[in-house]
Amino acid sequence: MNEVKARIERTSTAIAVILLCIAAICTCAVLWGGWNWIIGKSGFDIRAQVNAGVWLLRYALVSALLVYAALIFFRIGKEETPFFKELPGRIKIAAALLFVALVVPQWIGYAVISGATGTISFVIFDENSIMALALAFVVFCLGQIFEYGYLVQDENYEII
């Protein structure tokens, strides 16, 4: 049993470090892209500017989500088990943050373009939004599975 706990601790710590490295790369990309966006290398095409801003916001939110996921994995390593009381709630929050990170920047972009051009240009759910919603539902279901796993483990400890 101690071997399994040690493997869980090592694996989850390694995953957390990898996620933090990816978040750092994304953050550097956001800073570099933000600098280029601010100094206006892409001209004054409003759609190109808004699209660049949407991608910068999306990458920034994904970076924050990756840091959040890394903290979850650090906690799994500390607990040496993927079944503890707070984990299902954190996974469900991650599902909501995933949807927000992938979809809300696009909605903000549509609102800005509509306001700047004076014509309504808005799509609530395109193919990317539907894929983000499906991915968020999968992550949410994983939270449900981990909640059930925690309850089964807790019941097992009570029996012993």
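Listed here are the residues, each with its yes/no results for (1) out of contact with any Gly (no Cβ under 7 Å at 6 or more places or on another chain); (2) of a type in the set (K, R); (3) under 15 Å from R58 (Cα atoms).
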{"residue": "E86", "(1), (2), (3)": "yes, no, no"}
{"residue": "R90", "(1), (2), (3)": "yes, yes, no"}
{"residue": "I93", "(1), (2), (3)": "yes, no, no"}
{"residue": "L97", "(1), (2), (3)": "yes, no, yes"}
{"residue": "L102", "(1), (2), (3)": "yes, no, yes"}
{"residue": "G115", "(1), (2), (3)": "yes, no, no"}
{"residue": "I130", "(1), (2), (3)": "yes, no, no"}
{"residue": "F137", "(1), (2), (3)": "yes, no, no"}
From the option list L151, L57, L98, single residue qualifying as of a type outside the set (S, T, N, Q) and under 22 Å from I18 (Cβ atoms) is L98
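Here is a list: I72, I91. Which entry is touching a Lys or Arg at 6+ places or on another chain (Cβ under 6 Å), assigned to a helix (DSSP H, G or I), modelled with pLDDT of 90 or more and open to solvent by less than 50 Å² (accessible area, probe 1.4 Å)?
Numbers: I91 fails: touching a Lys or Arg at 6+ places or on another chain (Cβ under 6 Å).
After ruling out the rest, the residue left standing is I72.
Could you check, for the stretch 52-59, whether at least one of its residues is open to solvent by 50 Å² or more (accessible area, probe 1.4 Å) and among the aliphatic types (A, V, I, L, M)? Break it down into steps so the answer makes sense when it comes.
Here is the first cut: in the stretch 52-59, the ones open to solvent by 50 Å² or more (accessible area, probe 1.4 Å) are 55, 57, 59.
From what is left, the residues that are among the aliphatic types (A, V, I, L, M) are 57.
Among the residues of the stretch 52-59, at least one is open to solvent by 50 Å² or more (accessible area, probe 1.4 Å) and among the aliphatic types (A, V, I, L, M), which makes the answer yes.
Return the residue satisfying two criteria in turn: it lies in the stretch 103-133 and is aromatic (F, W, Y) and open to solvent by less than 70 Å² (accessible area, probe 1.4 Å), and of such residues it is farthest from A16 (Cα to Cα).
Going through the stretch 103-133, the residues aromatic (F, W, Y) turn out to be 107, 110, 122, 125.
When the remaining residues are screened for being open to solvent by less than 70 Å² (accessible area, probe 1.4 Å), the result is 107, 110.
Working: W107: 30, Y110: 34 Å.
It comes out as Y110.
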May I ask you to verify whether V100 is over 30 Å from V4 (Cβ atoms), open to solvent by 40 Å² or more (accessible area, probe 1.4 Å) and assigned to a helix (DSSP H, G or I)?
yes
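Being part of a helix (DSSP H, G or I) and out of contact with any helix residue (DSSP H, G or I) (no Cβ under 6 Å at 6 or more places or on another chain) is the filter here; which residues of the stretch 43-61 pass it?
R47, A48, Q49, N51, G53, W55 - these are the residues of the stretch 43-61 that are part of a helix (DSSP H, G or I) and out of contact with any helix residue (DSSP H, G or I) (no Cβ under 6 Å at 6 or more places or on another chain).
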The number of residues in the stretch 35-94 that are under 24 Å from Q106 (Cα atoms), in contact (Cβ under 8 Å) with a residue 24 or more places away in the chain and more than 17 Å from the chain's Cα centre (by Cα) is 5
Quick one: in the stretch 1-34, of everything that is among the basic types (K, R) and touching a residue at least 24 places away in the same chain (Cβ under 8 Å), which residue is least open to solvent (accessible area, probe 1.4 Å)?
K5
How do the pairs read when you match residues in the stretch 123-146 that are over 15 Å from I93 (Cα atoms) with residues anywhere that are part of a helix (DSSP H, G or I) and of a type outside the set (G, A, S), using Cβ under 6 Å and keeping only pairs 6 or more apart or on different chains?
S129/V103
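The values are calculated or read from the model by the stated rules, or taken from the named source; none is laboratory data. Just so it is clear, the structure is predicted and the values come from calculations on it, not from any experiment. FYI the Cβ positions are ideal-geometry reconstructions off the backbone, even for glycines, and counts take in every protein chain you see. Heads up: the accessible areas ignore ligands, DNA and RNA and are worked out on the full protein's heavy atoms, side chains in. Shrake-Rupley method; radii C 1.70, N 1.55, O 1.52, S 1.80 Å.
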